[in-house]
1. Condition first: open to solvent by 50 Å² or more (accessible area, probe 1.4 Å) and either over 24 Å from residue 299 (Cβ atoms) or assigned to a strand (DSSP E or B) (or both). Now tell me which residues in segment 131-144 satisfy that.
2. Kindly check whether there is at least one residue in segment 91-107 that is more than 21 Å from the chain's Cα centre (by Cα) and either aromatic (Phe, Trp, Tyr) or over 20 Å from residue 221 (Cβ atoms) (or both).
3. Would you mind finding the one in 182, 197 that is assigned to a helix (DSSP H, G or I), among the small types (Gly, Ala, Ser) and open to solvent by 20 Å² or more (accessible area, probe 1.4 Å)?
4. Given the condition part of a loop (DSSP other than H, G, I, E, B), open to solvent by 70 Å² or more (accessible area, probe 1.4 Å) and within 24 Å of residue 154 (Cβ to Cβ), answer yes or no: does some residue in segment 272-280 qualify?
5. Being out of contact with any helix residue (DSSP H, G or I) (no Cβ under 9 Å at 6 or more places or on another chain) and over 22 Å from residue 229 (Cα atoms) is the filter here; which residues of segment 140-177 pass it?
6. I'm trying to understand the selection: among the residues of segment 189-205, which are under 12 Å from residue 119 (Cβ atoms) and among the hydrophobic types (A, V, I, L, M, F, W, C)?
7. Given the residues 99, 76, 54, which is the only one that is out of contact with any strand residue (DSSP E or B) (no Cβ under 9 Å at 6 or more places or on another chain), closer than 22 Å to residue 174 by Cβ, without any contact (Cβ under 8 Å) to a residue 40 or more places away in the chain and among the hydrophobic types (A, V, I, L, M, F, W, C)?
8. Examine segment 109-116 for a residue that is open to solvent by 60 Å² or more (accessible area, probe 1.4 Å) and touching a residue at least 40 places away in the same chain (Cβ under 8 Å), and state whether such a residue exists.
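The values are calculated or read from the model by the stated rules, or taken from the named source; none is laboratory data. On a predicted model such as this, the values are computed, not experimentally measured, just so you know. Neighbour counts run over all protein chains shown; Cβ positions are idealised from the backbone, glycine included. The accessibility values were calculated without ligands, DNA or RNA, using every heavy atom of the protein model including side chains. Shrake-Rupley method; radii C 1.70, N 1.55, O 1.52, S 1.80 Å.
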Amino acid sequence: MTPLLPAHIDSTMMTAFRSCPRKFYHTHILGLRRAGTSIDLIAGGAFAKGLETFYREVHENSSPTAKAMSTAFTAFSESWGDTPKEPLSDSPKSFDRMFEALADYVSTYPPLTDHVQPYRDAKGKATYEFSFGIPLDFPGFPLHPSGDPFIYCGRFDMLGVYQNRPCVRDEKTSKYAGATWADQWNLRNQFMGYVWACQHFGIDLETVVVRGVIIQKKEIKQLEAIKIFPHHMIDRWFDQLRHDVTRLRKAWDENHFDYNFGDTCTSYGSCEFTDFCSDKNPWYEDPKFTVRRWNPLTHEETGESK
């Protein structure tokens, strides 16, 4: 496999680099992934595609709810593809359960009376899924080894309007939510990046509406949190991004990505790369891993031979 420094970066990649540069190296420089299909990625993508299709049917085609749900089901199924409808693990994110969660979502937030409505541009066109790729050609940012700027990418579920002001709306599917579910978004790197991107494009917003879709085998819950990110927080986020991209380029130039040797190694059970970090001579040809490179601009993975 060939080490490659991604030119396109996003919040997930920067969070990985901050938590453990060596994990970033394994995941995003070498492109190592556990062999097999991630049910979370498949289920989340199908949910987002179905929901976006439903909203388009209602708001653009004035379709009744039943027809919109039928069209959404077709889009949901196509996005799910050939992945088994029942996950091999004990995950509750089966095909049927995920679509039940989508139906429960639109029942909780009826599209025409939802307090978050689609944002409309000067021509009256509604905006749903919002994607961006912004070259980091600002003072103080290093260039990618190609000589071009790094590109900061992101995608969120809908650019909306809340209380007569533009907002970001993003859904988070999960199987668990504790009492502090809403607090985890207070300093969320991902959401501050979304706000910065919108402001970069001249959309004056600072509000993020986070909707949690909690999917369990016996229950589905809908949660919502409204988060405000004032300008000083966005400036702080941007300064940190510049600092971290500089560290990333330095690590690449020096061919040295630091180890964490701390809590990151055991968080959420255990890091999948602990064997590589403890072996005297890491064997990167381990058959438990494959090489798939994530492009945060297209939200697609491309495989390659090891």
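1. Scanning segment 131-144 gives 131, 135, 138, 139, 140, 143.
2. No, segment 91-107 contains no residue that is more than 21 Å from the chain's Cα centre (by Cα) and either aromatic (Phe, Trp, Tyr) or over 20 Å from residue 221 (Cβ atoms) (or both).
3. The conditions single out 182.
4. No - not one qualifying residue is present in segment 272-280.
5. The answer is 146, 147, 148, 149, 151, 175, 176, 177.
6. 198, 201, 203, 205
7. 76
8. yes
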